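Step one of this worksheet: look at the structure below.
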Amino acid sequence: LGFATALSSNVAFQSRNVLSKKCMQDVKMDNLNLFGYISILSFLTLLPFTLFLEGAQYASVFGGAAGAGASGLGLLATLCLCGFLHFLYNQFSYVVLQRVNPVTHSVGNTMKRVAVIVSSIIVFKNEVTTLNKIGTAIAIFGVGLYSQVKRLKPKAKQEA
């Protein structure tokens, strides 16, 4: 189940990158406006589902925070800060996407994930299983291989 959801997440992310890049070129929309439209449409689309499926849970989360000594206002501020930082991450992602092709963007995103995994191992002392090591090695190998192919590709065009 975990592999299937990770795979579908990657397919959705890469599809969004390709379609966004195409939209930037075909519709002549800059990255700021495109990301703004996508954010507003996704919010409006997902808000009813979120309220229906998870709305009742929010009261218990705020109640649990109050029971743990945190204020509801503090929790709300933390959630807003988290949302704002995620917004900035995605906005910068679109700035990068406008400057590079979608495959390069995806490879960079893969390397970012490896950096996050390694950082979490160092900072939080997370246990590293053999499967984690294999997955990280495959990701690093793939990024390295892509870099080599990308470096050699312009030379092949010049020779032709």
Charge context of V100, other residues only, Cβ under 12 angstrom, K/R +1, D/E -1: +3
Most fluctuating of L75, L32, L97 in the GNM of the chain (C-alpha, under 10 Å) is L75
For the stretch 121-127, Karplus couplings with θ = phi - 60° (6.51, -1.76, 1.60), whole Hz, Gly/Pro x: 5, 6, 6, 9, 6, 5, 6
The chain: longest segment with zero exposed trypsin sites (Lys or Arg not before Pro), where exposed means DSSP loop plus at most 12 other C-beta atoms within 10 Å, is residues 29-124
Label-point separation (nm) for F13 and L32, each offset 7 Å from Cα along Cα-to-Cβ? 2.6 nm
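Is it possible to state the helix-based mean residue ellipticity at 222 nm for the chain, with each DSSP H run of 4+ residues giving -39500 (n - 2.57), the sum divided by total residues, to the nearest 500 deg cm²/dmol? What is it?
Helices in the chain give a 222 nm mean residue ellipticity of -32000 deg cm²/dmol.
For the chain, what is the charge dipole size about the Cα centre, in debye to the nearest 20, if Lys and Arg each add +1 at the Cβ and Asp and Glu each add -1 at the Cβ?
Working: 14 positive and 5 negative charges, 164 e Å.
The calculation lands at about 780 debye.
At 1.4 Å probe size, with the rest of the protein present, what percent of the exposed accessible area of the chain is carbon and sulfur atoms? List each step's numbers first, then the result.
Working: 8620 of 11810 Å².
Within the chain, the accessible surface is 73 percent carbon and sulfur.
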Please calculate how many Å² of accessible area the stretch 72-160 carries per residue, with a 1.4 Å probe and no DNA, RNA or ligand atoms counted. 74 Å²
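Around S20, what is the net charge, scoring Lys/Arg as +1 and Asp/Glu as -1 over all other residues with Cβ under 15 Å from its Cβ?
+3
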Would you calculate the separation in nanometres between label points at A115 and N101, each defined as 7 Å from the Cα along the Cα-to-beta-carbon direction? 2.3 nm
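The values are calculated or read from the model by the stated rules, or taken from the named source; none is laboratory data. Values in this document were obtained by computation on a predicted structure and should not be read as measured data. Glycine gets a Cβ as well: all are built from the backbone with ideal geometry, and neighbour counts include every protein chain shown. The accessibility values were calculated without ligands, DNA or RNA, using every heavy atom of the protein model including side chains. Shrake-Rupley method; radii C 1.70, N 1.55, O 1.52, S 1.80 Å.
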